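Participant: Take this structure first; my questions come after.
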């Protein structure tokens with residue numbers, strides 16, 4: 001499983017009472033979603049899928065758009081984990097349309113991330129990067145928790161593409177993070193400055209690794225500069241986040257074993 005988007009709550013920014021009521025699922029629907037998430041965590045995926053479908057049906061009957069959106073989003077994440085790509089895309093599209101209609105930004109961020117994971121499964125890394133960029137741009141306009149949750153999923157994607165020998169995919173992924181910061185900047189909240197800088201820094205360490213993997217005619221000097229840039233940014237992220245993702249070690253190992261860069265990087 002590449003993604004874990006089965007939470008039925010959280011990442012919810014406060015708004016006025018009317019908005020909060022609009023985004024709150026019906027109690028019966030919410031209970032079904034919680035039971036489904038419990039089963040999904042226990043890897044009983046068929047039973048979890050049935051509960052999500054029951055939740056969607058109950059939401060339709062109750063005219064509960066928030067509940068329907070969450071049910072479809074959780075079903076999309078579950079189908080992604082089972083490798084049912086076409087079904088997952090269809091469910092996620094319905095979730096996105098619902099979240100957009102009711103103004104559920106947190107739901108949209110999660111749905112964009114699921115699209116990203118689906119594209120990764122298809123090895124369409126450019127489309128995956130664009131999806132994560134949309135998720136990050138919206139997260140940066142809402143709150144720090146969404147930003148960190150998005151980075152918590154982007155970094156494992158980077159590890160996945162490294163482990164599967166698709167290092168060139170790190171270039172669009174890194175560029176997408178930087179683009180997300182640029183597109184969100186006009187509406188960015190002042191308290192998000194540190195998190196936008198962290199996002200840019202993560203992007204700055206991924207992109208050079210992608211260039212090193214893709215450009216085979218680089219001079220030794222250029223390779224050294226790119227390697228130094230990636231490792232410097234990785235150390236910076238580790239320092240800022242208390243090695244939350246252990247990126248410095250990941251970058252050093254990648255340079256040594258995947259890119260045949262054997263010099264001492266310390």
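Participant: For residue 99, all conditions in the list (1) over 27 Å from residue 243 (Cα atoms); (2) outside the structural domain of residue 67 (by TED's automatic domain parsing) hold save one; what is the number of the exception?
Facilitator: Going through (1) over 27 Å from residue 243 (Cα atoms); (2) outside the structural domain of residue 67 (by TED's automatic domain parsing) one by one, residue 99 breaks only (2).
Participant: Being at negative phi and assigned to a loop (DSSP other than H, G, I, E, B) is the filter here; which residues of segment 220-253 pass it? Lay out the reasoning, then the answer.
Facilitator: To start, the set of residues in segment 220-253 that are at negative phi comprises 220-241, 244-245, 247-253.
Of everything in segment 220-253, those that are at negative phi and assigned to a loop (DSSP other than H, G, I, E, B) turn out to be 244, 245.
Participant: Also, I was wondering about something else. Is it the case that residue 63 is out of contact with any helix residue (DSSP H, G or I) (no Cβ under 6 Å at 6 or more places or on another chain) and either modelled with pLDDT under 95 or at positive phi (or both)? Lay out the reasoning, then the answer.
Facilitator: Values: out of contact with any helix residue (DSSP H, G or I) (no Cβ under 6 Å at 6 or more places or on another chain): yes; either modelled with pLDDT under 95 or at positive phi (or both): yes.
Spelling it out, residue 63 is indeed out of contact with any helix residue (DSSP H, G or I) (no Cβ under 6 Å at 6 or more places or on another chain) and either modelled with pLDDT under 95 or at positive phi (or both).
Participant: Moving on. Filter segment 23-52 down to residues that are closer than 22 Å to residue 97 by Cβ and in a loop (DSSP other than H, G, I, E, B) and give me whichever is farthest from the chain's Cα centre (by Cα).
Facilitator: Across segment 23-52, the extreme among qualifying residues is 26.
Participant: A further question follows. Here are some residues: 179, 193. Which one is in the same structural domain as residue 251 (by TED's automatic domain parsing) and without any contact (Cβ under 8 Å) to a residue 12 or more places away in the chain? Before the answer, list the steps.
Facilitator: Values: 179 fails: without any contact (Cβ under 8 Å) to a residue 12 or more places away in the chain.
Answer to the selection: 193.
Participant: Assess whether residue 20 counts as being loosely packed, with under 14 Cβ neighbours inside 10 Å, modelled with pLDDT under 95 and not assigned by TED's automatic domain parsing to the domain that holds residue 140. Explain how you work it out, then say what you get.
Facilitator: Values: loosely packed, with under 14 Cβ neighbours inside 10 Å: yes; modelled with pLDDT under 95: yes; not assigned by TED's automatic domain parsing to the domain that holds residue 140: yes.
So residue 20 passes the test.
Participant: Run residue 217 past the list (1) crowded, with 20+ Cβ neighbours inside 10 Å; (2) not in a helix (DSSP H, G or I) and report the number of the one that doesn't hold.
Facilitator: (1)
The values are calculated or read from the model by the stated rules, or taken from the named source; none is laboratory data. On a predicted model such as this, the values are computed, not experimentally measured, just so you know. Positions of Cβ are generated from backbone atoms using ideal geometry, with glycine treated the same way; all protein chains shown enter the neighbour counts.
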